[in-house]
Each structure stands twice: as structure tokens, then as C-alpha cells.
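Taking it in order: structure first as C-alpha cells, then the write-up.
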Amino acid sequence: MNKRIGIIGNNLSGDLAASLLKKKYEVLRFTDQIEDVSVYPFFGNDLKTGIMKQFFEDTVEDSLEIRKNAVQLSIVLDKEEYVYEMNIQSFQKKLENDFPKEVEGINYFFSEIERIGIEWSEFITSRFDGKKVKFSASAKYYNKNVEEVIEYIGIQDPTFIRIIKTLIPVKEVTFSVFAGYLYTQFFDICALPFDALAYCQKVGKQSSEQRIVHDISELKIEKFSNDTAEFEETMDAVIDLRQVTKSSENSIKVGYLSPQITLASDTLYLINQGDQIITKVWNSQLLNYNAPSQWCFEGVSYNRETISMGQVEECLTPFVTSSSETEVVDDSKINQRFDVVNGAGYAWAFSKKESLKDPTNLIRKHTSTDFSCTHWGFAWFSAAYHILNVVDNQMNFTSDRYKISEMR
């Protein structure tokens with residue numbers, strides 16, 4: 001008889017994990033009666049080299065018509081625009097051309113990114129099983145953030161440094177996390193003939209038994225030493241994705257812009273306003289070539305602090321002329337829909353301190369059958385594969401059983 005896994009949370013990670021676990025386990029999903037949001041935070045459909053590619057290979061049998069849709073990357077530093085091809089090799093070459101005094105340092109910087117990126121690619125294809133990957137290059141930088149590595153290499157040009165900082169929207173990211181993300185995912189932006197995330201959510205719901213409750217924050221988890229007929233609804237393991245919402249204010253704003261805006265639909269725009277807020281702007285057709293044209297935005301506090309819509313609109317001044325041209329998703333909906341605290345969706349961009357906590361359980365194995373997996377934010381696919389690896393390769397299934405029920 002298959003083991004039963006209970007997953008609590010509204011997060012897309014729960015649907016993805018259910019899709020991966022269904023081959024070997026019976027999965028029960030516990031969610032709210034949530035209202036979906038009109039715009040998701042940006043996810044580039046990394047179907048050529050990234051983690052979504054691995055997920056589709058593992059879960060989808062049908063062939064897909066994939067288009068590599070993003071042609072250009074536009075980085076706006078305050079009001080100065082820098083345009084690059086959406087390709088890591090071309091990106092490096094243009095940086096070397098634009099900053100000739102830094103060529104040697106840039107070349108070394110990207111060679112280290114490649115070394116780490118190859119390890120991360122192997123980690124993805126191993127489905128997060130660290131026993132199959134040697135992390136020698138990543139380990140070299142486990143206690144260095146991006147700016148520290150740039151300083152160590154000796155690159156000094158302030159514009160180059162700001163361009164690199166703009167690629168990941170939060171401060172203090174370790175270099176190994178930055179390098180793995182840049183090499184495997186950042187430039188891999190693909191379009192499908194449908195909404196990929198909605199499709200993955202649908203597949204996940206078909207992979208599990210759905211239990212919709214009034215409020216998942218009111219669910220309690222009870223542990224028992226063995227299974228009895230009295231507790232026939234018990235489970236062998238529980239995955240808890242819930243976050244406790246601490247505030248109604250967020251460090252992220254997501255929404256859409258007036259359709260009258262004239263921009264290149266094959267371009268991803270990154271706007272860095274004084275190293276305080278990083279804002280992405282993209283057309284929905286960049287990710288779904290059958291979608292109607294709609295310009296979307298995502299503004300994130302670089303210092304993970306609360307931001308206002310006014311600050312985001314200031315970043316958007318190259319594209320919009322008034323606040324009436326923007327519409328934002330309510331903060332509480334983002335928090336509830338994605339199980340995040342104060343919109344901290346970039347929790348996956350681990351700092352040195354956070355990386356030392358072993359967020360992928362490479363060193364300290366998670367052997368117990370209750371697992372609170374709350375540190376991935378919007379890295380839904382990474383969270384799902386992390387859950388898969390813990391359940392498949394680390395948990396010691398014993399006679400312990402769990403019952404999930406609403407508090408009375």
C-alpha cells in the first residue's frame with residue numbers, strides 16, 4: 001500500500017510536489033477557498049536549461065510547442081538604458097565590450113559562474129539529490145555574496161556592479177546562488193501556447209485528493225504513535241507550506257499596466273531605481289504566445305523592506321505617466337495565494353546567513369516525517385524538488401502517523 005502524504009498550503013509548490021510524488025505516494029492537499037490573482041510574480045518558463053524543463057520531463061507526456069520568446073534584456077539604471085541579447089554568452093561579451101578596462105575580471109567572473117552553474121544543472125537533473133553531485137565550485141563561495149566576489153576579483157566600475165546587482169532583486173545573495181540562477185534559469189525565457197503555471201497547477205490538482213477548508217491557518221496537526229481504525233484518515237508524513245502573515249504590507253508589488261504602452265513584447269525590462277527597488281516589466285505574450293497583449297510588472301524592495309505603490313510607480317516613470325495607468329494586486333491576496341510572509345517571495349535568494357542553514361538539506365538530512373518547507377518563496381519548482389528529495393531519500397518512515405483537522 002502506498003504511503004499517504006499530506007500537503008498543507010495554497011502555494012503552487014504544493015501542486016508541483018503532488019505531481020512529482022504521485023508515482024509512489026497517495027497525496028492529500030489541504031487548501032483554502034482562495035481567490036486567484038490576475039498577475040503572478042514573474043517566472044520565465046525555463047524550459048530549455050532550467051528547472052521547469054526537468055519538471056515537464058518528469059510529469060508531462062505530451063510534446064509541447066516551445067518558443068524561445070525573450071530576445072532582449074533591457075536594464076534601466078535610473079534613466080539610462082542598457083540593452084543585451086537574452087543569452088549569457090552574448091551578455092558577457094557585451095559587458096566586456098562596454099567595460100574594456102574590466103575584461104580580465106569579467107572573464108574570470110563568468111568562468112566561475114559557469115563552474116557553479118554546471119553543478120547546479122547537475123543538481124536539477126539529479127532531482128535535488130545531493131549525493132549525486134559534487135559542489136566543489138559552489139563550496140568555494142558559500143560564505144561570499146555577489147558584491148564581495150566582485151570586490152575580490154578586483155572589478156571596480158560602478159555601472160558594471162549595478163548591472164549585475166539588478167539581475168537578482170534582493171541584496172546579500174550568496175555568489176553560488178546567484179551563479180546557479182544566472183546560468184540555469186535567468187536567460188531561459190520561453191513561451192508556450194498556454195499559461196504554464198496554471199497548467200502545472202491543474203496537473204497538480206489532478207495528482208492529489210483535494211481537501212478545501214475555510215482557513216488553513218486553523219488546521220492542526222496531531223501525531224500518533226501508530227495507526228488504528230479510529231484514525232483511518234491519518235497520514236504517513238506531512239508537508240507544511242504555511243507561513244504566518246505578520247503584516248498587510250509587502251516588500252513586493254505585482255500588477256499590470258495600461259495596454260496602450262508601447263514597448264517591445266520580446267524584451268524583459270529590469271528597472272533599478274537607486275538600488276532601492278528592482279522592477280520587472282514584461283508582456284504576457286513573452287510567456288504565453290496565445291495570450292492577449294498585457295503589460296505586467298513586479299516591483300521588489302532590494303533591501304526586503306516594505307514598499308509602497310508610489311515607489312514602484314516612480315520606477316515605472318519611463319513607461320507610464322500617471323497612477324491611473326497601473327493596477328496592483330492586493331497584498332493580502334499575494335500573501336495568501338503564495339504562502340509568503342509580507343510578500344517575501346524572493347526568500348530563495350539566500351544570504352550567507354541563510355545558506356549556512358543548509359536550505360536544501362545537503363548536509364543535515366531531514367529524517368522526521370513532518371517537514372515545514374517555508375523558505376522557498378516564489379521558487380515553486382525548487383521547493384517541489386526539495387520536497388521530493390526529502391520524502392524519497394531522507395525521511396525515515398516509522399509507525400508515526402498524522403491527522404490534519406480544523407481546530408474547533
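The values are calculated or read from the model by the stated rules, or taken from the named source; none is laboratory data. Note that the structure is predicted; figures quoted are calculated from it, not measured. Quick reminder, even Gly has a Cβ in these numbers, built from the backbone with ideal geometry, and neighbours come from all protein chains shown. Surface areas here come from the heavy atoms of the whole protein model, side chains and all, with no ligands, DNA or RNA. Shrake-Rupley method; radii C 1.70, N 1.55, O 1.52, S 1.80 Å.
Taking every DSSP helix (H) stretch of at least 4 residues in the chain, weighting each as -39,500 (n - 2.57) and dividing the sum by the residue count yields a mean residue ellipticity at 222 nm of -9000 deg cm²/dmol.
Within 10 Å of each candidate Cβ there may be at most 14 other Cβ atoms; applying that plus a DSSP loop requirement, which trypsin sites (Lys or Arg not before Pro) in segment 131-174 survive? Each step should come with its number before you reach the end.
Numbers: sites: LYS131, LYS132, LYS134, LYS140, LYS144, ARG162, LYS165, LYS171; in loops: LYS134, LYS144, LYS171.
In loop regions of segment 131-174 (DSSP not H, G, I, E or B), the sparsely surrounded trypsin sites (Lys or Arg not before Pro) are LYS134.
Distance between the modelled labels on ASN107 and ALA139, one decimal in nanometres: 2.9 nm (7 Å Cα→Cβ projection). Heavy-atom accessible area with a 1.4 Å probe sorts ASP157, ASP58, largest first, into ASP157, ASP58.
How much accessible area per residue does the chain have, in Å², with a 1.4 Å probe?
Values: 18020 Å² over 408 residues.
Per residue, the chain has an accessible area of 44 Å².
For ILE404, the solvent-accessible surface computed with a 1.4 Å probe is close to 20 Å², ligands and nucleic acids excluded. On full extension, the segment bounded by ASP62 and GLN33 gains 7.4 nm, given 0.36 nm per residue less the C-alpha separation.
Legend: residues SER138, SER293, sorted from most to least accessible area (1.4 Å probe; ligands, DNA and RNA excluded), read SER293, SER138. The portion of the accessible surface of segment 1-115 made up by carbon and sulfur, rounded to a whole percent, is 42 (1.4 Å probe; DNA, RNA and ligands excluded).
Legend: distances between Cα atoms for LYS144/LYS253; LYS134/LYS365; LYS23/LYS253; LYS223/LYS333; LYS101/LYS134; LYS23/LYS53; pairs beyond 26 Å are LYS144/LYS253; LYS23/LYS253; LYS223/LYS333; LYS101/LYS134. Counting protein heavy atoms only, segment 135-286 has 47 percent of its accessible area on carbon and sulfur, 1.4 angstrom probe.
For GluC sites (Glu not before Pro), the sites in segment 33-137 that DSSP calls loop and that have at most 14 other Cβ atoms within 10 Å are GLU35, GLU61, GLU65.
Cα centroids of segment 65-138 and segment 312-365: 22 Å apart. Taking Cα extents along the principal axes in Å straight from the coordinates, which label in (1) 72, 50, 42; (2) 84, 55, 40; (3) 100, 54, 34 is the correct one? Recomputing Cα extents along the principal axes in Å here picks out (1).
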